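Peer 1: The structure that follows is given in the form of structure tokens.
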Amino acid sequence: MRTKQTGFSLIELLVVVAIIGVLAAIGIVGYQKYIESSKKSVNIANASTLARGMAAELILPNGLCNQMFAAIRLNGPSNAGTCAYSIMQANPMKNPYTGQNYYLSNFMSNTISSENFCDASNPSLNTPTPGIADALGGSVRVGVIGNKVVVGACQPDGSSQIFNVTELP
């Protein structure tokens, strides 16, 4: 007499494993996109925070930013990084792409000169920081565009976001 076997056949198990594999692959891709977009948002928020901090420093009559902007007004476009450097020293922010504090050397050179300063295909638009392999990826930059002092967030994909700090008369 034959007994009825209970359990799952090999085919049924393989189908279930294949379905789980497809769902996991879809989930992993979606998760990676979510992580990338959140890093981009953090980098943009950090640039916005730095721009607000620099603008707030302008209110102080003897503040470092106020002195720097006075020098820019007198001598024309020049280094706008000293103010950002001092603010980042007092309130360090982490780069979401590297987990490290932003490279302070980014703020010691005039690194923004056009709206698309992050365009990696045109190196003349930006000033790479020496010693950093990917100088554009996940950075916050400070500079002067025309008569505006600006802070910019640069993403590894080459996109950028500009925040106006002040307009120079």
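The values are calculated or read from the model by the stated rules, or taken from the named source; none is laboratory data. Quantities reported herein were computed from a predicted structural model and do not represent experimental measurements. When we count neighbours, we look across all protein chains shown, and the Cβ atoms used for this are built from the backbone with ideal geometry, even at glycine.
Peer 1: Could you tell me whether the stretch 94-103 includes any residue that is assigned to a helix (DSSP H, G or I), within 19 Å of G152 (Cα to Cα) and touching a strand residue (DSSP E or B) at 6+ places or on another chain (Cβ under 7 Å)?
Peer 2: Within the stretch 94-103, not a single residue is assigned to a helix (DSSP H, G or I), within 19 Å of G152 (Cα to Cα) and touching a strand residue (DSSP E or B) at 6+ places or on another chain (Cβ under 7 Å).
Peer 1: Return yes or no: is S109 over 14 Å from the mean Cα position of the chain (by Cα) and at pLDDT below 70? Spell out the reasoning first.
Peer 2: Working: over 14 Å from the mean Cα position of the chain (by Cα): yes; at pLDDT below 70: yes.
Answer is yes for this residue.
Peer 1: Sticking with this structure for a sec: Give all pairs with beta carbons closer than 9 Å in which a residue from the stretch 49-69 that is closer than 12 Å to G81 by Cα meets a residue that is small (G, A, S) and in a loop (DSSP other than H, G, I, E, B); count only pairs at least 6 apart in sequence or on separate chains.
Peer 2: M54/A80; M68/S78; M68/A80; F69/A80
Peer 1: Restricting to the stretch 59-102, name every residue that is among the charged types (D, E, K, R) and in contact with a Leu (Cβ under 9 Å, 6 or more places away or on another chain).
Peer 2: R73
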